[in-house]
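The values are calculated or read from the model by the stated rules, or taken from the named source; none is laboratory data. Quick caveat: nothing in here was measured; it's all calculated off a predicted structure. Positions of Cβ are generated from backbone atoms using ideal geometry, with glycine treated the same way; all protein chains shown enter the neighbour counts.
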Amino acid sequence: MDASAYSRDDWRAKAAALKFHTGHFIDGEFVASKSGATFASINPANGEVLAEVARGGAEEVARAVASGRRAFKSGVWSRLEPRARLDVLNRFAGLIEAHADEFALLDSLDMGKPVMDMINIDIPGSTRTIRYFAETVDKLEGAVTATAFDALHYILRQPLGVVGLIVPWNYPLMMAAWKLAPALAVGNSVVLKPAEQSPLSAGLLARLFVEAGGPPGVLNVVQGVGEEAGKALALHNDVDKIGFTGSVEVGKLMMIYAGQSNMKRVTTECGGKTPQIILADWDDLDMAVTYAVNGIFGNQGEVCNAGSRILVEAAIHDEFVERFKLKAAESFTPGDPLDPRTTMGPMVTMGQQQRVLKYIDIGRKEGATLGLGGGVPAGLNQGAYVEPTMFLGVDNAMTIAREEIFGPVAAIMKVDNADQAVEIANDSIFGLAASIWTRDISRAHRFARDIEAGVVWINCFDHGDATQPWGGYKQSGNGRDKCLEALTQYTQTKSVWLHLGG
Ligand code: NAD
């Protein structure tokens with residue numbers, strides 16, 4: 001049966017029968033921590049413990065890195081003919097699709113996202129990215145440069161070696177796929193460290209890579225908490241690069257750890273405070289409202305590019321706000337993530353729920369007007385739920401306009417014109433993404449030129465595919481996921497100079 005036809009009872013029955021991979025995955029096998037330590041993976045929809053997961057530290061990281069290094073040196077993957085790597089990666093994507101129900105449940109139970117978001121967004125977003133990078137395996141070329149008559153100079157592009165990938169909990173499968181696909185495509189070995197809030201899908205992912213023909217040791221997983229397993233990986237002297245997605249605070253630590261250890265490369269994909277600008281000349285207000293609502297409330301607002309600052313030109317502001325309220329109520333009612341009709345689940349943890357509620361409190365105290373939500377939805381006290389929330393009369397100096405809340409909280413600001421909107425939009429430490437709605441083509445392009453953001457949407461929001469460089473300006477990070485540039489970030493160049501003589 002197609003997953004889109006499952007009822008809530010079907011999903012619940014499947015969840016009850018689900019088997020969890022709770023070990024680390026090292027050298028092609030699931031293993032426990034040497035100490036036997038574990039941590040609990042908790043279902044944020046009801047507070048129940050799903051599984052006890054191996055809690056790794058320096059010991060397990062060392063084993064995983066050694067396994068990756070052995071595999072890399074043996075050439076079993078790093079020197080495999082590129083087209084053979086392509087076949088493995090394509091089979092890998094196919095196996096993820098074949099296990100779609102399991103992945104949907106694992107991430108949904110673990111971090112609370114609606115199970116149908118996994119089916120419609122995360123799983124296709126993962127497999128398309130893996131296939132995209134599979135297709136690139138033999139497209140990355142070196143170069144022969146124009147140089148002295150008596151010399152031949154060519155530039156090789158080679159894999160880095162062992163790459164550590166540290167990922168967040170908001171799209172557990174998809175963030176892992178975005179990173180490991182380019183790292184593996186060019187021949188690196190990988191040690192993946194999933195977030196402790198969402199550990200359960202990584203083991204299945206690694207097992208399927210081996211089932212697809214990936215050699216053991218090329219893709220390893222170390223489970224554990226950030227300050228232990230993550231820190232040990234980022235400090236390891238035999239790791240050549242850290243590809244990091246997560247908060248600004250921890251992204252900065254990655255750079256420090258690199259400096260304290262072997263100066264490994266670091267690319268970071270961090271948070272955001274994305275502005276969505278709606279100008280009065282835009283003639284389809286309902287469309288802009290729909291995108292704005294989805295842009296802040298999709299995935300519970302736990303999105304790096306969540307459109308959390310909504311700047312509306314004064315002439316349409318009041319009408320926009322009225323329609324926004326209606327659309328939000330119609331589209332986002334929090335509920336059981338395993339119900340296929342649910343579009344909004346709980347926050348990832350009770351701690352995250354409290355954090356979001358605290359920001360809502362700060363918003364009120366600093367003088368913003370609550371226009372929608374602001375509390376815990378009725379009847380959902382057993383989980384980490386927060387109502388879709390909207391503030392009006394927000395000033396860009398307020399905390400709720402400056403800090404990443406990472407929850408369903410929209411800050412609406414009234415602006416006089418496009419120039420003021422861009423000035424406010426740029427007044428942020430973040431610069432991941434931005435959008436504008438206008439019929440004025442010159443204004444749209446001026447916006448694209450002037451906005452300090454790595455990703456820009458004109459008359460849409462959150463559109464994209466695997467060709468799109470994904471990454472930030474300013475403190476939103478220095479890396480680019482997806483796109484061909486990501487491939488080069490997992491390689492290094494080597495200059496070969498041959499003296500011809502004569
Ligand atoms: P986080 O920074 O707390 O954790 C991210 C990862 O780092 C986790 O695996 C965690 O275990 C690990 N970690 C934490 N402390 C560590 C330490 N001291 N040393 C080593 N590793 C450590 O972030 P999070 O709460 O899991 O995720 C939310 C953040 O991720 C948000 O800021 C969001 O914007 C960002 N994010 C960015 C993108 C992007 O593409 N730019 C995508 C998704 C999420």
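Data overview
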read-out	value
Which numbered condition residue 467 misses (of (1) within 30 Å of residue 316 (Cα to Cα); (2) of a type in the set (Ser, Thr, Tyr); (3) part of a loop (DSSP other than H, G, I, E, B))	(1)
Residue within the range 21-31 that is crowded, with 18+ Cβ neighbours inside 10 Å, over 30 Å from residue 67 (Cβ atoms) and at pLDDT 95 or above present	no
Given (1) within 14 Å of the ligand (Cβ to nearest atom); (2) not assigned by TED's automatic domain parsing to the domain that holds residue 121, number of the condition residue 486 does not satisfy	(2)
Residue check, residue 45 more than 27 Å from residue 164 (Cα to Cα) and outside the structural domain of residue 221 (by TED's automatic domain parsing)	no
Selection count where residues are surrounded by fewer than 23 Cβ atoms within 10 Å (Cβ to Cβ) and either of a type in the set (A, V, I, L, M, F, W, C) or more than 27 Å from residue 408 (Cα to Cα) (or both), scope the range 106-126	3
Yes/no for residue 166 being under 21 Å from residue 236 (Cβ atoms) and not assigned by TED's automatic domain parsing to the domain that holds residue 335	yes
Which listed residue is at pLDDT 95 or above and under 27 Å from residue 329 (Cα atoms), from 442, 435	435
Strands (runs of 3 or more DSSP E) completely within the range 246-349 that count 3 or more residues being within 30 Å of residue 443 (Cβ to Cβ) and of a type outside the set (Val, Ile, Thr)	309-313
The range 155-175, residues that are touching a Leu at 6+ places or on another chain (Cβ under 8 Å) and more than 23 Å from residue 220 (Cβ to Cβ)	157
Members of the range 256-273 that are of a type in the set (Ser, Thr, Tyr) and either within 10 Å of the ligand (Cβ to nearest atom) or modelled with pLDDT under 95 (or both)	257, 268
Yes/no for residue 374 being among the small types (Gly, Ala, Ser), on the phi > 0 side of the Ramachandran plot, crowded, with 16+ Cβ neighbours inside 10 Å and assigned to a loop (DSSP other than H, G, I, E, B)	yes
Candidate set: the range 286-324, residues that are buried (at least 18 other Cβ atoms within 10 Å of the Cβ) and within 15 Å of residue 370 (Cα to Cα); chosen: the one farthest from the ligand (Cβ to nearest atom)	321
Criterion violated by residue 234 - all others in (1) within 9 Å of the ligand (Cβ to nearest atom); (2) over 20 Å from residue 184 (Cα atoms); (3) in contact with a Phe, Trp or Tyr (Cβ under 7 Å, 6 or more places away or on another chain) satisfied	(2)
Candidate set from the range 63-95 (those that are crowded, with 16+ Cβ neighbours inside 10 Å and of a type in the set (Gly, Ala, Ser)); member that is nearest to residue 160 (Cα to Cα)	78
Among the candidates 214, 246, 203, residue that is of a type outside the set (Phe, Trp, Tyr) and either touching a Cys at 6+ places or on another chain (Cβ under 8 Å) or within 12 Å of the ligand (Cβ to nearest atom) (or both)	246
Enumerated helices (runs of 4 or more DSSP H) restricted to the range 115-221, each holding at least 2 residues that are β-branched (Val, Ile, Thr)	123-135
Matching option when the condition is closer than 19 Å to residue 480 by Cβ, in contact (Cβ under 8 Å) with a residue 12 or more places away in the chain and either buried (at least 24 other Cβ atoms within 10 Å of the Cβ) or not assigned by TED's automatic domain parsing to the domain that holds residue 70 (or both), among 202, 183, 229	183
Residue count for the range 217-231, restricted to those that are more than 15 Å from the ligand (Cβ to nearest atom) and on the phi > 0 side of the Ramachandran plot	1
Neighbours by Cβ (under 9 Å, 6+ apart or cross-chain): first from the range 464-477, in contact (Cβ under 8 Å) with a residue 24 or more places away in the chain; second assigned to a helix (DSSP H, G or I) and within 6 Å of the ligand (Cβ to nearest atom)	none
Any hit, the range 45-60, residues being in contact (Cβ under 8 Å) with a residue 12 or more places away in the chain, under 19 Å from residue 180 (Cβ atoms) and more than 23 Å from the chain's Cα centre (by Cα)	yes
Residue 194 being within 16 Å of the ligand (Cβ to nearest atom), in the same structural domain as residue 171 (by TED's automatic domain parsing) and in contact with a helix residue (DSSP H, G or I) (Cβ under 9 Å, 6 or more places away or on another chain)	yes
Of the criteria (1) farther than 21 Å from residue 487 by Cα; (2) within 15 Å of the ligand (Cβ to nearest atom), which one residue 251 fails	(1)
